[in-house]
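Asks: My questions will all concern the structure given below.
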């Protein structure tokens, strides 16, 4: 277990820059998620950390150890692959024992550690099965056990849950979380699933076109997105184009004036930018809520029942559309075609 | 119900064509097997009774006994040689991109295309050339014969193993490396076990191809020595009694045994 430091890490494939001069520190025992759409370079970073892909430039440190030039088998990492990549010709126990055998531990020690790793992932009863006799979720657990049993300096997860169905995914998410905490192992998880990243990691890195778009805690990214890309990638947002006219005032192209409290560094005053606010931060009703700073009136165009919430599409007089998520049981019933007022606070409003 | 009634003619046609295909494949084998027990002095119908005498006669003839031993010997050596060269060659061809890759691949496959009689002549002339230049005698020697049979068997091993390697998930090998296995350990513990069915099948085909080869061996055996197929041809020149059917029956049984034995270790249906 160790701190991981990436220094100006870069990967080029010919003239294509997959990862551009990336520097990042992952604290000892931290759970970091690399989040981004496919092709943003996140998997390339993981492969460079594991040594499966050679970095074009830059350095990688595990604690005090510079591992940049080391092959994967000399790095001491546990990698859980997308699709698991279990050894098809070995039993569950042999799969888990493989890394320990490579370390030339004695048989008793190997048996003991394999057993306890399988118990940790609740598979002790399936030790003699072959991978093809297991369900997707069980294979995933074997891959996890195989990666942690060697007590790696870092646990790397590549889209670990993408092949599983929704219910199982949630269950395993809890399990990975619990496991990571109890082992205190430095973990990096690559995913394109924002829900997975938000629920697993203590810190997130949002990637876009081989570059870091924003680093922060889940609530940092959600409440204070640094760019429109982040705001759109994580959760849903309403956006209206316009520009900042005062320290806390934004005027949209269509002439609405909104008060805001958060402005990203990239959105400088007086230049074209966007004001954003989350659908669930908006109150919808016939009368305005005077306690909130921002108001706008419109007509309900569509209503979608989503169970826990109801989604309203509201058309503004300027023909712009806003999405509102409200509790499923509104105080006053709202129907399609109703005139409504939307209210939200300046804290919930950001400029990117 | 309506569906199954409508499907019935299709099913009957299917079974009939399968039956016909089996008949065409098996009829000659069954005929040979049957004839080998006839008491007739020449191969002819109907049988005038049954005897095991032809099997005893085959064994009593030196040509057949020695030919059988030599064919077995050459077959085993050809199989080992084909695997020792073919598996590494397949690994290189499937995993690396290098100059001349296509050319090497085509050269390894060429014994499948060149008619055996032509290849036999060519190899013979090549051996004579080598002898002229280096004084190393290959023509009419056991090493020379085995070498030619290795070349004959190579395409099978290379093709089967290459196809199998292409189907191997590279991530599994990468997983082994992240767990601490170097290139050699990864090959030995992960890659080779994953392509084991193809290796076994390649070995089997190498043996069979060598065991039944006639054309190449004709040019390459030493004076007075002969493989089993050559012994059969020689015998046929002078006599057409059922001894020949008895020998063929034994040959068929040996190859069948090899197939069945192999199938016990790897499901051959999984290779093709």
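Asks: Ignore the peptide's own chain and count Cβ atoms of other chains within 10 Å of each Cβ in A:146-157; give me the average, rounded.
Replies: For peptide A:146-157, the averaged partner shielding equals 1.
Asks: Once all Cα-Cα distances of the stretch A:133-219 are split into 10 Å bins that start at 0, what whole-number percent is in each one?
Replies: 15, 50, 30, 5, 0
Asks: In nm, give the distance between the simple-model label positions of residue A:215 and residue A:318, each being 7 Å from the Cα along the Cα-to-Cβ direction.
Replies: 3.7
Asks: Using 0.36 nm per residue of separation minus the Cα-Cα distance, give me the extension gain between residue B:16 and residue B:56 in nm, one decimal.
Replies: Difference between extended and current length: 10.4 nm.
Asks: Would you mind checking the stretch B:214-249 for residues with the amide N under 19 Å from a putative spin-label position 7 Å along Cα→C-beta of residue B:117?
Replies: From the stretch B:214-249, the list is B:214-221, B:227, B:229-238.
Asks: Quick check for you: which residues of the stretch B:157-181 have the amide N under 18 Å from the point 7 Å beyond the Cα of residue B:110 toward its beta carbon?
Replies: B:157-159
Asks: Next up: Ranked by Cβ crowding within 10 angstrom, fewest neighbours first, how are A:109, B:173 ordered?
Replies: A:109, B:173
Asks: What order do you get for B:36, A:274 when you list them from fewest to most C-beta neighbours inside 10 Å?
Replies: Ranked by crowding around the Cβ, least crowded first: A:274, B:36.
Asks: Here's something else I'd like to know. Measure nothing but the geometry: give the 0 to 90° angle between the long axis through the Cα atoms of A:107-120 and the longest principal axis through the Cα atoms of chain A, rounded to 10°.
Replies: In chain A, helix A:107-120 runs at an angle near 20 degrees to the longest axis.
Asks: Rank these for me by crowding, A:42, A:3, going from fewest to most other beta carbons within 10 Å.
Replies: Result, fewest neighbours first: A:3, A:42.
Asks: Please sort B:135-142, A:184-191, B:208-215 by packing, taking for each peptide the average over its residues of neighbouring beta carbons within 10 angstrom, highest first.
Replies: Output ranking for B:135-142, A:184-191, B:208-215: A:184-191, B:208-215, B:135-142.
Asks: Over all residues in A:107-115, what is the mean tally of Cβ atoms on other chains that come within 10 Å of each residue's Cβ?
Replies: 0
Asks: Based on the mean of other Cβ atoms within 10 Å per residue, sort peptides A:93-106, A:237-250 so the most packed one is first.
Replies: Ranked by mean Cβ neighbours within 10 Å, highest first: A:93-106, A:237-250.
Asks: I'd like the Kirkwood hydrodynamic radius of the stretch A:103-176, using the inverse of the mean 1/r over distinct C-alpha pairs, in Å.
Replies: 13.3
Asks: For an R0 of 30 angstrom, estimate the FRET efficiency from the Cβ-Cβ distance between residue A:103 and residue A:133 and round to the nearest 0.05.
Replies: 0.65
Asks: Let me ask something else. Go through A:4-14, A:136-146 and give me the packing order, highest mean Cβ count within 10 Å leading.
Replies: Highest to lowest by the protection proxy: A:136-146, A:4-14.
Asks: Please report, in cubic angstrom per residue, the volume enclosed by the convex hull of the alpha-carbon atoms of the stretch B:53-270.
Replies: Dividing the Cα hull volume of the stretch B:53-270 by its residues yields 148 Å³.
Asks: Separate question: Hey, got the Cα dimensions of the stretch A:280-352 along the principal axes, in Å, largest first?
Replies: 29, 27, 25
Asks: Please give the FRET efficiency for residue B:126 paired with residue B:102, using the beta carbon to beta carbon distance and R0 = 30 Å, rounded to the nearest 0.05.
Replies: 0.80
Asks: Let me ask something else. Taking the alpha-carbon centroid of each part, what is the distance from the stretch A:39-88 to the stretch B:29-87 in angstrom?
Replies: What the calculation gives is 59 Å, centre to centre.
Asks: Please give the helix A:166-183 orientation as an angle from the longest Cα principal axis of chain A, in degrees from 0 to 90, rounded to the nearest 10.
Replies: 60
Asks: Within a 10 angstrom radius of each residue's Cβ in A:78-89, how many Cβ atoms of other chains show up on average? Whole number is fine.
Replies: Mean shielding by partner chains, rounded to a whole number: 5.
Asks: Same structure again: Hey, with R₀ at 22 Å, roughly what FRET efficiency would residue A:165 and residue A:304 work out to, going by the Cβ-Cβ distance, to 0.05?
Replies: It comes to 0.40.
Asks: Could you tell me how many degrees, from 0 to 90 and to the nearest 10, lie between the Cα long axis of helix A:136-148 and the main elongation axis, the longest principal axis, of the Cα atoms of chain A?
Replies: 60
Each value in this text was obtained by applying a stated rule to the coordinates, not by laboratory testing. Treat the numbers as computed from the prediction; the structure is a model and nothing was measured. Neighbour counts are summed over all protein chains in view; Cβ atoms, including those assigned to glycine, are modelled from backbone coordinates with ideal geometry.
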